[in-house]
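Visitor: If you scroll down you'll find the structure; I have some questions about it.
The values are calculated or read from the model by the stated rules, or taken from the named source; none is laboratory data. Quick caveat, the model's predicted, so the values are computed rather than measured. Cβ coordinates were reconstructed from backbone atoms using ideal geometry, including for glycine residues, and neighbour counts include every protein chain displayed.
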Amino acid sequence: MYKIGIDVGGTNTDAIILDENRNLVHSVKSPTSLDIKTGIETSLKAVLNESNIDRTKITHAMLGTTQCTNAIVERKKLARVGVIRLGYPATASVLPYTAWPEDMVEKLSGNYALVHGGYEYDGQLLGELDEAELKTLLTEWQDKVESIAIVGVFSSIKNDQELRVRDLIHEVYGEEFPVSCSFLIGSVGLIERENATILNAALCKVIETTTEGFIRALEEEGITNAEVFLCQNDGTLMSIDYAKQFPILTIACGPTNSIRGASYLAQIKNTIVLDVGGTTSDIGVLQDGFPRESSVAVEVGGIRTNFRMPDIISIGLGGGSIVRTDHGKITVGPDSVGYKIGQEALVFGGNTLTATDIAVRLGMADIGDKSLVAHIDEEFAQKVQVEICSIIEQAIEKMKTSSEDVSLVLVGGGSIIVPNAISGISNIVKTENGGVANAIGASISQISGQYEQIYIYAKEPREKSLKDAEEKAVKQAVLAGAVPDTIELVEVEETPLAYHPENATRLRVKVVGKME
Amino acid sequence: MRYLDEKAIENIAIGAAFLGTGGGGDPYIGKLMALSSIKQNGPVRLYSVDEIEDEDFFIPAAMMGAPSVLVEKFPKGDEFVKVFQKLAKYLGKETIAGTYPMEAGGVNSMIPIVVAAQLNLPLIDCDGMGRAFPELQMVTFHLDGISATPMAITDEKGNIGIFETIDNKWTERLARTATVEMGASALVSLYPTTGAQLKQSGVHHIITLSEKIGEIISSKAKDAKDKLQELLKIVSGYELFQGKIVDVIRETKGGFNFGKMNLEGIEANKTEHMKVYFQNENLVAEKNDSVVAMTPDLICLVDYETLLPVTTEALKYGKRVRVVGLPANEKWRNEKGIETVGPKYFGYDYDYVPIEELVKKVVVEHV
């Protein structure tokens with residue numbers, strides 16, 4: 001029994017094979033192709049040919065891909081989206097697509113309608129749905145839109161209007177027509193949730209070609225029995241059917257896989273992970289093996305959203321970071337010699353002083369020709385080291401939630417520049433196979449379900465509310481392909497709402513289970 | 001008179017968040033409302049108080065309720081059309097000559113811009129606080145004995161209520177109940193004023209000041225140090241502390257966010273520490289256990305690098321900030337002002353001492 005995991009990164013597409021005990025059987029790297037698809041096929045072919053395993057014994061295939069992110073950034077292959085907002089007359093002061101980049105609105109056709117509907121904060125009716133109004137709208141939009149985003153005021157408290165509108169669209173346009181409901185995608189904050197829902201709706205064509213392409217590539221290699229999954233950005237997997245409904249959740253799955261893979265290799269579940277590349281470093285926090293979620297609005301392709309995203313920060317420090325002195329002040333980065341490090345760094349015979357040269361001078365690493373950096377004043381090198389240390393310490397401080405020391409897992413090609421002691425860090429763990437941590441992260445994933453709603457404990461006691469939310473999250477997990485018996489509660493977040501007279505609480509629960 | 005365009009609104013939003021001293025909620029939705037309204041109706045005319053007639057009649061516009069509801073259910077936009085007509089009729093006035101903000105900070109610096117654009121009314125460059133405060137009577141008009149009522153309250157559905165109350169405590173009670181029934185977020189208009197009263201009792205040039213502050217903070221040309229110097233100059237302020245947030249304790253009581261944060265010194269203030277107490281807004285700052293600024297003087301937290309204002313909701317461990325102190329408008333610095341918004345009113349056992357003197361004292365101690 002084998003699992004195959006593929007992760008598409010900015011530079012390389014990695015493929016790995018794990019056995020039933022999660023041991024790494026083989027791994028390959030090949031350059032990420034412009035169309036992404038070709039790179040996936042090349043890596044897949046290479047890892048299968050080189051490992052020479054019995055292909056019929058592959059039971060699971062997982063793909064972590066950037067196709068959806070690229071489609072948004074490059075504004076390509078996006079569907080024409082109609083936006084239906086339920087809430088009129090409320091919310092008319094800020095219409096859908098406000099503050100969007102103009103080229104993006106043009107690509108998505110810019111169709112929207114503000115119709116009657118919506119709820120108040122406590123679940124009372126704000127406005128009744130007007131089905132005649134909706135039917136007229138759908139007649140008007142026939143052939144104008146390829147996908148519809150539905151957003152109701154306070155739909156996270158009561159979702160029945162959004163569901164009714166979805167049914168209505170299916171009645172008029174047919175069962176197959178892609179519809180995205182906002183209560184399943186974002187949290188409270190109408191504009192940000194609406195934006196995330198529109199993006200999700202716009203990705204319906206991209207996710208179709210991505211998933212079909214992956215399945216076909218597997219079939220061409222003789223893998224026909226495997227369960228196929230896509231990685232989502234919380235470090236769990238989704239079935240193909242689920243992915244087609246929520247393509248936006250694939251965004252940022254790469255960094256998530258990388259930090260999860262690193263913690264798996266280091267066998268630490270609660271830690272900070274520092275992934276040092278050539279130009280930048282990513283820092284993420286793992287809680288019980290899952291990345292912490294960002295609590296602030298996140299911009300995707302210049303659009304402000306609030307769907308679930310991992311809380312990962314990127315800093316301009318890597319192995320190729322350029323070291324300079326300006327009026328006695330030492331700076332490191334944020335610019336870098338990047339992929340040209342093999343020619344431009346001093347240790348490789350180049351003319352640019354980089355963070356790697358300093359590491360070699362101080363004896364922290366032995367790469368290139370160390371005699372080429374012997375002339376660097378040791379005191380100066382040490383000062384550069386102090387600067388590197390302070391950049392890392394400040395970034396880690398931003399990710400910590402308390403002043404207690406934490407452990408750090410260190411991965412990535414540029415990790416040699418990181419000193420052995422960092423203040424605020426109790427111990428640093430370096431891992432082997434760190435180079436393919438992302439593909440390992442992709443193949444160890446489980447399946448999750450999540451639910452969020454505002455509950456009023458005075459009306460529905462806390463215990464009952466928690467149970468209700470958990471049941472709904474389990475339903476989501478099962479839909480995504482989890483085995484019901486293995487599902488467990490991993491996260492409960494309660495946020496009391498200020499100003500609310502009845503002790504209202506925003507409750508969010510997350511469950512995780514094994515895949516079939 | 002001058003026009004406010006998109007750029008001006010972006011800057012006012014930043015500047016008002018700075019003067020909001022941590023309170024007022026996320027100004028993002030307010031900014032979108034203001035930008036949308038001028039896109040539809042054209043730029044807004046801003047008049048200084050010197051340009052208005054004494055006997056003309058002005059009504060402010062503000063949002064009351066929960067910021068957490070506002071981000072989900074925001075106004076239709078033209079709610080004030082009817083309210084202004086009703087209130088004018090009630091008061092026996094022919095026309096409304098303009099509108100103005102009640103406070104600087106969060107969404108309430110933006111609502112009057114929406115109203116001015118919708119109704120094609122002049123916006124007057126003054127407010128009733130020169131900063132943000134949490135309660136209805138905490139305005140300079142109250143100090144001069146101007147009544148908060150008749151007050152109008154409305155929602156996006158078209159409901160309108162007009163209150164006439166026996167005192168401002170009742171105004172707060174009745175308005176709060178109506179706000180909850182309207183969906184925890186309502187639009188209000190209180191302290192109707194004449195041009196003469198605005199000249200006499202308002203805090204002047206507050207919108208222009210907000211805009212200037214926003215301009216400095218958002219300017220990309222200079223580095224943080226130069227920007228800060230320029231900023232301190234125009235607000236006559238002091239940089240009180242450079243620090244990192246190491247602890248935030250919050251408590252929600254009676255519809256307010258109470259709390260305290262501890263800061264550990266960095267750079268110029270290494271080895272020192274500071275405590276800042278807040279109730280929606282920042283109210284008292286203690287450096288190394290001695291008080292260095294207290295309400296009504298302004299205590300503003302800004303990001304260490306970008307100088308962007310940090311709201312109370314955005315406080316978190318590890319954030320590097322600069323604490324800036326500003327003298328309050330002179331209108332607050334008298335017996336009735338201190339009684340209304342001084343440290344004792346908020347439950348802090350300090351006699352009010354102006355920031356200028358506190359800063360001197362600390363400097364002397366250090367020498």
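Visitor: Kindly provide the set of residues from segment B:158-206 that are of a type in the set (Asp, Glu) and either in contact with a strand residue (DSSP E or B) (Cβ under 9 Å, 6 or more places away or on another chain) or not assigned by TED's automatic domain parsing to the domain that holds residue B:18 (or both), ordered by number.
Guide: B:164
Visitor: Regarding residue A:165, is this residue aliphatic (A, V, I, L, M) and at pLDDT below 95?
Guide: So residue A:165 does not fit the description; no.
Visitor: Among the candidates B:136, B:190, B:143, which residue alone is touching a Ser or Thr at 6+ places or on another chain (Cβ under 8 Å), buried (at least 24 other Cβ atoms within 10 Å of the Cβ) and farther than 19 Å from residue B:52 by Cα?
Guide: B:190
Visitor: Would segment A:96-110 turn up any residue that is within 14 Å of chain B (Cβ to nearest Cβ), within 16 Å of residue B:156 (Cβ to Cβ) and buried (at least 17 other Cβ atoms within 10 Å of the Cβ)?
Guide: no
Visitor: Would you please name the residue that is modelled with the lowest pLDDT, looking only at residues in segment B:74-105 that are surrounded by 23 or more Cβ atoms within 10 Å (Cβ to Cβ) and touching an Asp or Glu at 6+ places or on another chain (Cβ under 7 Å)?
Guide: Residue satisfying both the conditions and the ranking: B:79.
Visitor: Oh, and also: Go through the residues of segment A:267-279 one by one and say whether even a single one is under 18 Å from residue A:445 (Cβ atoms) and within 17 Å of the chain's Cα centre (by Cα).
Guide: yes
Visitor: In segment A:129-158, which residues are crowded, with 18+ Cβ neighbours inside 10 Å and at pLDDT below 95?
Guide: A:154, A:155, A:156, A:157, A:158
Visitor: Look through B:125, B:144 and report the one residue that is within 28 Å of residue B:35 (Cα to Cα), of a type outside the set (A, V, I, L, M), away from chain A (no Cβ under 13 Å) and in contact with a helix residue (DSSP H, G or I) (Cβ under 8 Å, 6 or more places away or on another chain).
Guide: B:125
Visitor: Give me the residue from segment B:38-66 that is crowded, with 20+ Cβ neighbours inside 10 Å, within 14 Å of chain A (Cβ to nearest Cβ) and touching a helix residue (DSSP H, G or I) at 6+ places or on another chain (Cβ under 6 Å) and, out of that set, nearest to residue B:96 (Cα to Cα).
Guide: B:61
Visitor: Run residue B:196 past the list (1) buried (at least 19 other Cβ atoms within 10 Å of the Cβ); (2) farther than 20 Å from residue B:308 by Cβ; (3) of a type in the set (A, V, I, L, M); (4) at pLDDT 95 or above and report the number of the one that doesn't hold.
Guide: (1)
Visitor: Looking at residue A:392, is it modelled with pLDDT under 90 and closer than 30 Å to residue A:231 by Cα?
Guide: So residue A:392 does not fit the description; no.
Visitor: Inspect all residues belonging to segment A:388-406 and state whether any of them is more than 14 Å from every other protein chain (Cβ to nearest Cβ), farther than 26 Å from residue B:305 by Cβ and of a type outside the set (D, E, K, R).
Guide: No; the residues of segment A:388-406 include none that is more than 14 Å from every other protein chain (Cβ to nearest Cβ), farther than 26 Å from residue B:305 by Cβ and of a type outside the set (D, E, K, R).
Visitor: Only residues that are part of a loop (DSSP other than H, G, I, E, B) and in contact (Cβ under 8 Å) with a residue 24 or more places away in the chain: list them for segment A:338-354, please.
Guide: Listed by number, the list holds a single entry, A:353.
Visitor: Here's something else I'd like to know. Pairs needed: first member in segment B:299-325, more than 10 Å from chain A (Cβ to nearest Cβ); second member anywhere, of a type in the set (Asp, Glu) and in a strand (DSSP E or B); C-beta distance under 7 Å; at least 6 residues apart or different chains.
Guide: B:310/B:303; B:321/B:303; B:322/B:239; B:324/B:239
Visitor: Continuing with this model, one more query. Specify the residue that is nearest to the chain's Cα centre (by Cα); the eligible residues are those in segment A:358-373 that are in contact (Cβ under 8 Å) with a residue 40 or more places away in the chain and assigned to a helix (DSSP H, G or I).
Guide: If we take residues in segment A:358-373 being in contact (Cβ under 8 Å) with a residue 40 or more places away in the chain and assigned to a helix (DSSP H, G or I), then A:359 is nearest to the chain's Cα centre (by Cα).
Visitor: Report those strands (runs of 3 or more DSSP E) wholly inside segment A:243-336 carrying at least 3 residues which are more than 14 Å from chain B (Cβ to nearest Cβ).
Guide: By residue number, A:271-276, A:281-287, A:321-326, A:329-336.
Visitor: Hey, another quick one. Scanning segment A:35-44 for residues that are in contact (Cβ under 8 Å) with a residue 24 or more places away in the chain and out of contact with any strand residue (DSSP E or B) (no Cβ under 9 Å at 6 or more places or on another chain), which turns out surrounded by the fewest Cβ atoms within 10 Å (Cβ to Cβ)?
Guide: Top of the filtered list is A:37.
Visitor: Of everything in segment B:321-354, what is in a loop (DSSP other than H, G, I, E, B) and either among the small types (Gly, Ala, Ser) or in contact with a Ser or Thr (Cβ under 9 Å, 6 or more places away or on another chain) (or both)? Give them in sequence order.
Guide: Hits for segment B:321-354 are B:327, B:328, B:329, B:342, B:343, B:345, B:346, B:347, B:348, B:352.
Visitor: Among (1) more than 7 Å from every other protein chain (Cβ to nearest Cβ); (2) touching a residue at least 40 places away in the same chain (Cβ under 8 Å); (3) not in a strand (DSSP E or B), where does residue B:35 come up short?
Guide: (2)
Visitor: Kindly provide the set of residues from segment A:52-95 that are hydroxyl-bearing (Ser, Thr, Tyr), touching a residue at least 12 places away in the same chain (Cβ under 8 Å) and crowded, with 17+ Cβ neighbours inside 10 Å, ordered by number.
Guide: Those that are hydroxyl-bearing (Ser, Thr, Tyr), touching a residue at least 12 places away in the same chain (Cβ under 8 Å) and crowded, with 17+ Cβ neighbours inside 10 Å: A:65, A:66, A:69, A:88, A:91.
Visitor: Can we say residue A:418 is of a type outside the set (Lys, Arg), modelled with pLDDT under 90 and crowded, with 17+ Cβ neighbours inside 10 Å?
Guide: Criteria not met by residue A:418.
Visitor: Exactly one condition in (1) surrounded by fewer than 18 Cβ atoms within 10 Å (Cβ to Cβ); (2) assigned to a helix (DSSP H, G or I); (3) not hydrophobic (A, V, I, L, M, F, W, C) is not met by residue A:161; state its number.
Guide: The single condition residue A:161 does not satisfy is (1).
Visitor: Test of understanding: among A:92, A:71, which residue is touching a Lys or Arg at 6+ places or on another chain (Cβ under 9 Å), under 22 Å from residue A:213 (Cβ atoms) and modelled with pLDDT under 95?
Guide: A:71
Visitor: Still on this structure: So if I check each of A:328, A:302, A:349, which one is at positive phi and either of a type outside the set (Gly, Ala, Ser) or at pLDDT below 85 (or both)?
Guide: A:328
Visitor: Also: Quick one: in segment A:463-487, of everything that is closer than 14 Å to residue A:506 by Cα and touching a residue at least 24 places away in the same chain (Cβ under 8 Å), which residue is surrounded by the fewest Cβ atoms within 10 Å (Cβ to Cβ)?
Guide: Looking at residues that are closer than 14 Å to residue A:506 by Cα and touching a residue at least 24 places away in the same chain (Cβ under 8 Å), I get A:466.
Visitor: Please go through segment A:117-161 and give me each residue that is within 14 Å of chain B (Cβ to nearest Cβ) and acidic (Asp, Glu), ordered by number.
Guide: A:120, A:122, A:128 - these are the residues of segment A:117-161 that are within 14 Å of chain B (Cβ to nearest Cβ) and acidic (Asp, Glu).
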